[in-house]
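Nothing in this text is a laboratory measurement; each read-out follows from the coordinates by a stated rule. Just so it is clear, the model here is predicted, and its values are computed rather than measured. Every residue, glycine among them, receives a Cβ derived from its backbone with ideal geometry; neighbour counts consider all protein chains shown.
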Amino acid sequence: MEDNMEILRYPVGRFQKPESYTPQLLEQWIAAIEALPSWLDVCIENLDASQLQTPYRPGGWTVNQVIHHIADSHMNAYIRVKLALTEDNPTVKPYKEALWAELKDSDIVPVNVSVTLLHALHRRLVAVLKNMEPHDWERTYFHPEHQRNVPLWEVTAMYAWHSRHHMEHIHQLRLRMGW
């Protein structure tokens with residue numbers, strides 16, 4: 001049962017920080033980030049209000065909450081990337097993502113608003129990532145929650161994983177429920 005819950009919670013596995021990066025890995029990570037909004041279009045296509053209020057796993061967030069969380073998280077990532085590119089190792093502000101997911105906007109704002117936001121946001125984020133200089137990938141921000149500097153190549157890897165991770169929550173739910 002615990003193994004099944006782990007698979008439901010981490011359908012693509014837990015994030016494994018790569019030891020390093022290559023131009024080919026960066027291309028793969030950026031491609032996943034670029035694809036996410038279109039993946040979400042397919043994942044939520046024809047879901048009704050009841051389905052959107054279904055948790056992706058027992059005790060997990062609803063599809064609505066997952067979609068809005070992705071928008072919240074990726075907005076933060078975009079700002080953090082731009083801060084790291086324009087400041088010397090800035091300290092970023094952590095946020096309580098679980099509490100954000102419980103705010104009323106996750107229930108009352110249609111998910112297509114956040115998906116539309118992600119289409120625009122990812123277009124901007126991908127434009128930044130694709131146009132960085134090789135030395136920019138080593139630029140960092142300081143994350144006070146983790147008490148360490150995070151390089152932009154790692155941020156890119158993490159958000160590629162984050163994109164697949166949450167897309168698979170919805171995709172796997174659809175498969176299990178026969179939607």
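For the chain, the relative contact order comes to 38 percent (Cα pairs under 8 Å, sequence separation of at least 6). Based on Cα contacts under 8 Å between residues 6+ apart, the stretch 113-179 shows a relative contact order of 16 percent.
Taking a point 7 Å out from the Cα of Ser50 in the direction of its Cβ, the residues of the stretch 161-179 whose backbone N falls within less than 18 Å of it are 173-179. Available extension along the chain between His146 and Leu85 is 20.0 nm, counting 0.36 nm per residue and deducting the alpha carbon span.
Counting every C-alpha pair in the chain, the share spaced more than 28 angstrom apart comes to 24%.
So how much slack lies between Ile108 and Arg14, counting 0.36 nm per residue of separation and subtracting their Cα-Cα distance, in nm? Spell out each step's value before the answer.
Working: separation 94, 0.36 × 94 = 33.84 nm, distance 3.03 nm.
Result for the pair: 30.8 nm of gain on full extension.
The phi-based Karplus calculation (6.51 cos²θ - 1.76 cosθ + 1.60; θ = phi - 60°) puts the 3J(HN,Hα) values of the stretch 95-102 at 9, 8, 4, 5, 6, 4, 5, 8 Hz, whole numbers, x for Gly and Pro. For the stretch 79-90, putting each phi into the Karplus relation 6.51 cos²θ - 1.76 cosθ + 1.60 with θ = phi - 60° gives couplings of 5, 5, 4, 5, 4, 5, 7, 10, 10, 8, 6, x Hz, in residue order, rounded to whole numbers and with x for Gly and Pro. All other residues whose Cβ lies under 12 angstrom from that of Lys96 are scored, Lys and Arg at +1 and Asp and Glu at -1, for a net of -3. With a 10 Å cut-off between alpha carbons and a GNM built on the chain, which of Leu47, Leu85, Leu152 moves the most? Between Leu47, Leu85, Leu152, it is Leu47 that shows the largest mean-square fluctuation.
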